[in-house]
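Just below is one structure, and these are the notes that go with it.
Readers should treat all values here as calculations from the given coordinates under stated rules, not as data from a laboratory. Please read all numbers here as calculations on a predicted model, not as lab measurements.
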Amino acid sequence: MCDLGCPRPVPPYITLLMNDLTATETPPRLPSLAGMTRDEMAFALLEMGAPGFRAKQLWHWVYYQGARDFADMTTLSKAFRAELPEHFTLARPETATLQESKDGTRKWLLRLDDGNEVESVHIPEKDRGALCVSSQIGCTLNCEFCHTGTQTMVRNLSAGEIVGQVMLARDVLGEWPSPKEGRLLSNIVMMGMGEPLYNFDNVAAAIKIIMDHEGIAISKRRITLSTAGVVPMIRRCGEELGVNLAVSLHAVRDDLRDQLVPINRKYPITELLKACNDYPASSNARRITFEYAMLKGVNDSPADARELVRLLKGLPAKVNLIPFNPWPGTPFECSGKKAIKVFADIVNDAGYSSPVRVTRGQDIMAACGQLKSESRRLKASERASGATPAA
Ligand code: SAH
């Protein structure tokens, strides 16, 4: 048995590594239970030598009660409560800054364990609210009109880091233990930084934690995953998670979409719409949302609206028109009010609901497509010199 309790003998290279570790001054950070899947939590407890039923109790404290302190876990024996902090923490991502818009929208800049930063946004309504959650630091997609797209991809977020965004927001909103009704964090939209279907495994693990009835308990009907169109992953998303789907369409012709949403060159509009047609979790009651950013003189003509209607024929769809949110240096402008109205009316008259998304949090750069952190990928030479990633 090694010191960590694993049953196999310790191979020589691990011993070397352990010697190396003991030579460094800062002790390794303890893992946080907040963000672990059920399996991870069960395994971590097993390694610690705790009996199996503890995992269920701990799950309740971590994800239903939202405990921040092991001492509060009153159904656990005192001895066990005292032992837990030797192995784990209950830490959430650290808040680097928290900004509040005049409309109540809150934007967190979160600092992760490796120093990288990522944003999440809470958009409150009167009796509910949505949290816009990030799935990656940066993005690989390079959509021309999106601010996040100007930031290079740094890395995928872990499941724990995705769940951590939700837990932190709940801490701030004071929504523990998981309220049954009247939640201000009632909905989750995977519409923050990154492409969730390019980080499917971690996003799926996180969403399963968030949906778990014995914990945070946000239903799949209140979770929407937005994709720019990673066609091969769309079916799996519906089958494994069953969440609502949103698709960032933004153009109705391949030549224009190739330019605005470059993933279209790989998965063109017809293939994307076929995947939507086959989406297992959609129905007339649970329509697929097609997001369409209104870009002046680019994609906002009445002919575009009519083509959109033609493309969506037969699909359980609704259209979300997003007034383009400007950011420093962008060449695009938002369509005029009149153009948006004409466009919306054509889509609406064809039987598709087409609300114009009310822009929220623009004064703190928290609106759709405005998120961008300063994190960047370090060069090998910078890593060796111990530079911090957030430059
Ligand atoms: N990568 C995923 C998740 C991001 S969701 C996706 O593309 O769907 C963010 C939504 O806001 C997407 O529909 C995106 O295209 C849109 N968006 C990006 N920049 C925008 C901007 N400046 N104004 C309005 N909408 C924007």
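Please give every one of the lysines within straight-line cross-link reach of K296, meaning a C-alpha to C-alpha distance under 24 Å, and leave out same-chain neighbours fewer than 8 residues apart.
Reachable lysines: K318, K337, K338, K341, K372.
Pull up the cross-link candidates among the lysines for K56, meaning alpha carbon to alpha carbon under 16 Å and not fewer than 8 places away within one chain.
K208
In whole Å, what are the Cα extents of the stretch 19-145 along the three principal axes, biggest one first?
52, 45, 24
For the stretch 108-264, take the convex hull of the Cα atoms, compute a quarter of its surface area, and give me that in nm², please. Numbers along the way, then the final one.
Numbers: hull surface 37.7 nm².
Orientation-averaged projected area of the Cα hull: 9.4 nm².
Quick query: amide H of T105 versus all other amide H atoms, modeled in the peptide plane; which residues come in under 5 Å with a sequence gap of 5 or more or a different chain?
Close amide H contacts, sequence-distant or interchain: G361.
Let me know the Rg and Dmax you get for the stretch 239-278 when you use only its Cα atoms, in Å.
For the stretch 239-278, the Cα-based Rg and Dmax read 11.2, 33 Å.
Let me know the Rg and Dmax you get for the chain when you use only its Cα atoms, in Å.
That works out to 22.8, 72 Å for Rg and Dmax.
Inverting the mean 1/r over all pairs of different Cα atoms, compute the Kirkwood radius of the stretch 152-241 and quote it in Å.
The Cα-based Kirkwood calculation yields 13.8 Å.
If you average the C-alpha positions of the stretch 124-155 and of the stretch 44-71 separately, how far apart do those two centres end up, in angstrom?
Cα centroid of the stretch 124-155 versus Cα centroid of the stretch 44-71: 32 Å apart.
Can you report the principal axis dimensions of the stretch 38-86 using only the alpha carbons, biggest first, rounded to whole angstrom?
22, 22, 16
Relative contact order for the stretch 94-364: what percent, with Cα pairs under 8 Å and sequence separation of 6 or more? Before the final figure, lay out the partial values.
On the way: 527 pairs, mean separation 41.3, N = 271.
Relative CO of the stretch 94-364 lands at 15 percent.
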